[in-house]
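Reviewing the structure listed below.
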Amino acid sequence: MVPGASVSVVARRYDVNANQVFSWRKRYRDVRPAAVSPRLVPVMVRPEQDVAKLASAAVETIEIDLGDYRVRVGSAVDAQALRRVLDVLERR
């Protein structure tokens, strides 16, 4: 929040209760060290998924960590398409 921002406008913008914004504002104002400013980041909450589906998907998925990029690939991926994607990311 910026100084002078309306709590109710901020709450409506992010679809949260104004009391929650007041609480966050107080918490972060009261505990903020002098050199560090806390940052709130947006989060998307997804509905719970079936654990069995997640376990099955995990077995069929590999994750490639390229530093700034992370690529998750399923077992049905087209190898040529994956190679093109990795080539592009490697050049960045």
In nm, spacing of pseudo-spin labels at Asp68 and Val88 (7 Å Cα→C-beta vector): 1.5
For the stretch 6-23, 3J(HN,Hα) per residue [Karplus equation, 6.51 cos²θ - 1.76 cosθ + 1.60, θ = phi - 60°, Hz, x = Gly/Pro]: 7, 4, 5, 5, 4, 4, 5, 4, 9, 6, 10, 6, 4, 4, 5, 5, 4, 5
Under-5 Å amide H pairs with Ile64, H placed in peptide plane, nonlocal only: Val71, Arg72, Val73
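We did not get these values from a lab; they are worked out from the coordinates using the rules stated. Values in this document were obtained by computation on a predicted structure and should not be read as measured data. Here the Cβ is made from the backbone with ideal geometry for all residues, glycine too, and neighbour counts use every protein chain on show.
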